[in-house]
Amino acid sequence: MGIVEFSQDLVELKIEAKEKETVIKLLSDKLLEKGFVKESFYANVLKREEVFPTGLPTSIPMAICHTESEHVNSSAIAFGTVVEPVAFQEMGTPERNVMAEMVFVIALKDPKDQVPWLQKMMTVFRDDEILRTIRNASDKAEVVNYLNGIFS
Amino acid sequence: MAKKTLNVLAVCGSGVVSSSMIEQKIVDNLESIANVKVVGLVSTSVKAYVDRGGYDFVVTTSPIPGEINIPVIKGVALLTGFGEDAVIEEIQRVAKEILASKE
């Protein structure tokens, strides 16, 4: 219940993408293939991103894309890094862009179950060393172990 | 004297992820001075909730549509950590003003 595990099936490293849509689609499709989200998930993440963007100006910029829980079957999180930074609008300040170097696509069914987990997410955002480690990862198994270690 | 209650709205674009993230931050930084009740909410519902009454202030990671007649504090820094102290100070200042007005 409380823990959302990272898995290699839901990770893609060094994605070649010029636009955020490419990254969001690739990661959403992984969630869809495994049945964590509904067909409607991707379109609604994108729609949300246009109105309420999720780019975060962290020490290594990132985006935490997500949407309403009605498009989610069960909680999971997909993660990707990109070869070249991709523009996302900044959360809370949509007129600014952040050049994201990593993207989390978060599918949450009941956030109440995952509050401790979400709190840890905030630890990750502000720890430069953790961010650098996951941004530089070149091996899926390693980064999954590392992330699950942080969140355990 | 018993602590007074503060009713706070934690708001984001989906009402799911970042609102849940900032809820605990709000509680942690106010529980010494008040009973804190936080409701997580999607930004498009804020105006209706506020107009109905009973809420003291809003902390949000998203722009909120409509005119809101209670204090609105931008809370993205609670996620990133950059500028977080200033946001926490603002939350505490607003909370204290509201508590004082409830005397």
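Just so it is clear, none of the values below were taken in a lab; they were calculated from the coordinates. Remember, it's a predicted structure, so these values are computed and weren't measured experimentally. Cβ atoms come from the backbone with ideal geometry, glycine included; neighbour counts cover every protein chain shown.
So the values come out like this:
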item	result
Over the protein assembly as shown - Rg/Rh using Cα atoms and the Kirkwood inverse-distance radius	0.98
Distance between modelled label sites at B:E89 and A:R126, nm, 7 Å Cα→Cβ extension	1.6 nm
Built amide H within the under 5 Å cut-off of A:I15, gap 5+	A:T81, A:V82, A:V83
Inter-label distance, nm, simple model (7 Å from Cα along the C-beta direction), A:D110/A:E39	2.8 nm
Mean Cα-pair separation over length for segment B:3-79, i.e. relative contact order, pairs under 8 Å, 6 or more apart, %	37 percent
Average beta carbon contacts from partner chains per residue of B:35-48, 10 Å cutoff	1
Under Karplus coefficients 6.51, -1.76 and 1.60, residue-wise ³J(HN,Hα) of segment A:142-152 in Hz, glycine/proline x	5, 5, 5, 4, 4, 5, 5, x, 5, 8, 6
Relative contact order of segment A:3-113, defined on C-alpha pairs under 8 angstrom at six or more residues apart (%)	33 percent
Global form of chain B, assessed from the alpha-carbon gyration tensor, a/c cut-off 1.5	oblate
Cα-based reach from B:K3 at 22 Å (exclusive), listing lysines while leaving out same-chain residues under 8 positions away	B:K25, B:K37, B:K96, B:K102
Cα-based shape type of chain A, given that a ≥ b ≥ c are square roots of the gyration tensor eigenvalues and the cut on a/c is 1.5	rounded
Estimated vicinal HN-Hα couplings, Hz - segment B:66-78 in sequence order (Karplus 6.51, -1.76, 1.60; Gly, Pro = x)	x, 8, 10, 9, 10, x, 10, 10, 6, x, 4, 4, 5
J(HN,Hα) series, segment A:115-132, from Karplus relation 6.51 cos²θ - 1.76 cosθ + 1.60, nearest Hz, glycine and proline x	4, x, 5, 5, 4, 5, 3, 5, 4, 4, 4, 9, 9, 4, 5, 4, 4, 5
Segments A:12-21, B:20-29 sorted - mean Cβ within 10 Å per residue, highest first	B:20-29, A:12-21
Net length gained if the chain between A:V83 and A:T22 were fully extended (0.36 nm per residue, minus Cα distance)	20.7 nm
